[in-house]
Each structure stands twice: as C-alpha cells, then as structure tokens.
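Visitor: Sharing a structure below in structure tokens format, with a few things to ask.
The values are calculated or read from the model by the stated rules, or taken from the named source; none is laboratory data. These numbers come from a predicted model, not from an experiment. Glycine gets a Cβ as well: all are built from the backbone with ideal geometry, and neighbour counts include every protein chain shown. These area figures cover heavy atoms from the full protein model, side chains too; ligands, DNA and RNA do not enter into them. Shrake-Rupley method; radii C 1.70, N 1.55, O 1.52, S 1.80 Å.
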Amino acid sequence: MKGVRFVQKVSSTPGFARVAPHVFPALDRAVHRLTRGKVLLSAQLLPGVVLTSTGARSGLARRTPLACMPEGDGESGWVLVGSNFGREGHPAWSHNLLAHPRAEISWKGQDIPVTARLLEGEERAAAWKAVLEFWPPYAAYQARVEREIRLFRIVRSQKSYEGG
C-alpha cells in the first residue's frame with residue numbers, strides 16, 4: 001500500500017505531468033507490441049487498455065495506451081479519463097472518440113470492439129466520484145487545468161472496428 005501511495009503522490013506533481021506523456025505511452029506501446037498484446041507496463045499499477053481509434057482529422061488508426069477504470073464485471077465496460085496527465089488541452093484520443101465513437105481496445109491480450117460515449121451531467125458526476133475513489137491523483141490533475149476533464153464510457157460493441 002505504501003508503494004501505491006508513493007506513486008499516487010509522485011503522479012500528482014507538475015513534474016510528472018511534464019515527463020510522463022513523453023515516456024510512458026512510448027514504453028507501453030513498445031512492450032505491448034513485443035508481447036503481442038499480453039503486457040502493458042502501466043497496467044502493473046492501474047488497469048489499462050490500448051485504444052485504437054480513428055483520427056478525427058486524418059481518418060487513420062491511432063493506438064493509444066490508456067489507464068482505465070473497469071466497470072461491473074470488468075469485461076464489458078470501462079471508463080476512460082481524458083486527464084492528459086493534468087496538462088492543458090484535451091488529449092487527441094478524446095477528440096478522436098468524439099468524431100468516431102466506434103473503436104477497439106486491447107484488454108488483457110484480447111481485441112474488443114467498443115463504442116464510446118462522452119459522459120455529461122449527473123452521469124459524469126457519478127463517474128467522476130468513482131474515478132477519484134479509484135485513483136485520487138485525478139483530483140490534482142483537474143485542479144491544475146481550467147477545462148473539465150472528459151470522461152468516456154466505452155462498452156463492448158457487436159460491430160467490429162473498421163477504423164483507420
């Protein structure tokens with residue numbers, strides 16, 4: 001438990017927000033590729049997915065490793081947090097999901113077609129409360145930025161992803 005608290009404290013700092021976006025996604029993508037989707041380094045601390053979405057402007061497939069909060073059985077729904085490590089500006093993947101909600105995730109080595117929906121109002125408030133209980137550093141991220149951090153609920157889709 002001490003190790004988790006230490007990581008939570010470090011991940012709440014502005015210095016982490018400056019460095020982490022340049023280091024962790026690249027490491028995650030490389031390890032995920034090398035292990036054929038079986039290992040995601042950041043998932044050793046928080047559950048994680050690799051989101052494959054369609055670029056909002058380019059129309060190309062974009063792969064992004066993300067922390068997630070599994071919901072229910074942890075196999076049919078997840079919440080994605082557009083924290084961007086507590087930096088200004090919404091992350092690119094969130095723009096992609098707004099433009100093209102059909103996507104795919106790699107979850108525990110399995111590719112799953114999903115549909116994303118931006119959470120708003122009371123539904124967002126309830127999810128935000130759950131997210132803060134799940135990973136308290138998100139509160140520090142929100143405090144550093146003026147924008148409201150986007151939350152997306154992604155659920156399994158019957159249709160396969162045909163993006164990019």
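Visitor: Specify the residue that is farthest from R87 (Cα to Cα); the eligible residues are those in segment 137-155 that are modelled with pLDDT of 95 or more and among the basic types (K, R).
Guide: Looking at the filtered set, the residue picked out is R153.
Visitor: Here is a follow-up. Hey, among the residues in segment 61-89 that are part of a strand (DSSP E or B) and among the small types (G, A, S), which one's nearest to I149 (Cα to Cα)?
Guide: G82
Visitor: Looking at segment 140-161 only, could you name the residues that are open to solvent by less than 50 Å² (accessible area, probe 1.4 Å) and outside any strand (DSSP E or B)?
Guide: Answer for segment 140-161, where residues must be open to solvent by less than 50 Å² (accessible area, probe 1.4 Å) and outside any strand (DSSP E or B): A140, Y141, Q142, V145, R147, I149, S157, Y161.
Visitor: Further question: What's the total number of residues in segment 111-134 that are touching a residue at least 60 places away in the same chain (Cβ under 8 Å) and of a type outside the set (A, V, I, L, M, F, W, C)?
Guide: The total comes to 1.
Visitor: Quick one: A92 ticks every box in (1) open to solvent by less than 40 Å² (accessible area, probe 1.4 Å); (2) at pLDDT 70 or above; (3) of a type in the set (A, V, I, L, M, F, W, C) bar one, so which box is it?
Guide: (1)
Visitor: Restricting the search to segment 29-60, which residues are modelled with pLDDT of 90 or more and either more than 16 Å from the chain's Cα centre (by Cα) or part of a loop (DSSP other than H, G, I, E, B) (or both)?
Guide: The answer is G55, A56, R57, S58, G59, L60.
Visitor: Being open to solvent by 50 Å² or more (accessible area, probe 1.4 Å), modelled with pLDDT of 95 or more and in contact with a strand residue (DSSP E or B) (Cβ under 9 Å, 6 or more places away or on another chain) is the filter here, so list the residues in segment 121-136 that pass it.
Guide: Within segment 121-136, just E123 meets the criteria.
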